[in-house]
1. Pop a pseudo-label 7 angstrom from the Cα along the beta-carbon direction at both Ile280 and Leu24 and give the gap in nm to one decimal.
2. Could you work out how far helix 132-146 tilts from the main Cα principal axis of the chain, as a 0 to 90 degree angle to the nearest 10?
3. With r defined as the distance between the Cβ atoms of Arg144 and Ile428 and R0 fixed at 25 Å, what FRET efficiency is calculated, to the nearest 0.05?
4. Could you do me a favour and compute the accessible area per residue for the chain, 1.4 Å probe, result in Å²?
5. Taking a ≥ b ≥ c as the square roots of the eigenvalues of the Cα gyration tensor of the chain, is the shape rounded (a/c under 1.5), prolate (a/b larger than b/c) or oblate?
6. Quick one: of Lys145/Lys421; Lys26/Lys420; Lys114/Lys420; Lys145/Lys235, which pairs are farther than 21 Å apart, Cα to Cα?
7. Out of Phe255, Trp417, Leu74, whose Cα points farthest toward the positive end of the dipole of the chain (charges: +1 Lys, Arg; -1 Asp, Glu; placed on Cβ)?
8. As I understand it, the dipole of the chain uses +1 on the Cβ of Lys and Arg and -1 on the Cβ of Asp and Glu, about the Cα centre. Which of Ile211, Gln331, Ser401 lies farthest toward its positive end?
Amino acid sequence: MSTLTIAIVVVFVIGYACIALEALTKVNKAAIALLMCVFCWTLLMLNPGSFYPDVLSAGGNVVHKVAEVIEHHLGDAAGTLFFLMGAMTIVEIVDSNGGFNFVRDALKTRSKRKLLWRMAFMTFFLSAILDNLTTSIVMIMVLRKLVQSREERLLYAASIIVSANSGGAFSPIGDVTTIMLWIKGVITTQGVLTEIFVPSLVSMLVPVAIISLSLKGKFDKAQNLAAAHVSQFTKTQRNIIFWLGVGGLVFVPVFKTITHLPPFMGILLVLGVLWTTTEIFHYNTSEDDTMAKRVSDILSRIDLSTIMFFLGILMAVAVLQEVGVLTALGQGLNDAFSGNYYVINGIIGVLSSIVDNVPLVAGCMGMYPVAETGAMAVDGVFWQLLANCACVGGSILIIGSAAGVVVMGLEKITFGWYMKKISWIVLIGYLLGIGCYWVMKSILG
């Protein structure tokens, strides 16, 4: 490993530590992530030829090559960010028009523990249909209407992160990593549904059960009463907005399959249709301002610090991917634990809570060949366990998944609080889930 590579890793580790200690430093994590991103790429540019020797030997322009690489990674990051912004806006539009009232009413109960379990199961199954990112946004919006105490709401929010990531593991469209593995053809819909469902369910049930021990008693009578919703739209119009929004989110994977366009294009389509529809509905109301202005207001209220944090993290991890750190790490795991795919994937899952699971899974896909038989075959132990561990393991730390980052931004959860209160709980469920899969494959056959 070269000196520059070590320097890049050191900068990443220091930046990561500052993000983890945000509560102590009082410096916004987005600022640190952006600085970490720029410093890492700047270090790479000190001697780009050492990282792209093939370009240098061919007489090519190394600086131009780095620019192309940055544009490539920025394009991937932008797709994720536009998807995130589009999904957040759609959910806000539906929520502002009372679209989630029936979801709130279905979950509503005075028992704190009953509410926790209802939210956990609804999040778990919704994340398999929508995706864990969109589901987390929806459930946080509903949670805000049901729980007023911030201290208690943080526990519910943590259970949403755990349930969303676990639910995304047993569906081919539930998480970006499962989509990647599914598109490559190393896992099938039937395989993950039948063999990953139980381990992912266990990894959700155990942490939620432990969290429920911290919730006792009932809410005050006034806490969960249905709030009067101020809207000029009729019930039929609100229902149309709901089904256009949520139905559109479900349609996004179908749109991608049909058109082969990136998922964010589907999100923009749904947002455009929903925006147009609300304007048409608003035209016949007595309100003075236009719905276009209201949607524009929603766009302006998006938490840009979360978006910038996401951008900084994704682009910083991209540097680690470019200099070969992630690939070397995966190869090292393979050499150290040759043949023991449970240990390898278990470690990969823990790593996915530290760095983004997308480049980790992408590195594994490029590093491990698909075999005709055995653990590396389609729907083999390695690939199925990789899908489960990469998704579920992202819950161990709050910045380890898209769902965690979004909830962190929406509810202002600190890294330290989550690590102290939740991480160890998630780790127990994570290990038990792996153990459950081992029992299913090794003992039950």
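The values are calculated or read from the model by the stated rules, or taken from the named source; none is laboratory data. What you see is a predicted model; the values in this text were computed from it and never measured. Every residue, glycine as well, gets a Cβ built from its backbone with ideal geometry; the counts of neighbours run over all protein chains shown. Surface accessibility is based on the protein's heavy atoms, side chains included, excluding ligands, DNA and RNA. Shrake-Rupley method; radii C 1.70, N 1.55, O 1.52, S 1.80 Å.
1. For the pair Ile280/Leu24, the computed spacing is 5.7 nm.
2. With rounding to tens, the tilt is 30 degrees.
3. 0.30
4. Per residue, the chain has 43 Å² of solvent-accessible surface.
5. Note, shape of the chain comes out prolate.
6. Lys145/Lys421; Lys114/Lys420
7. Positive-most Cα among the choices belongs to Trp417.
8. After comparing all options, I get Ile211.
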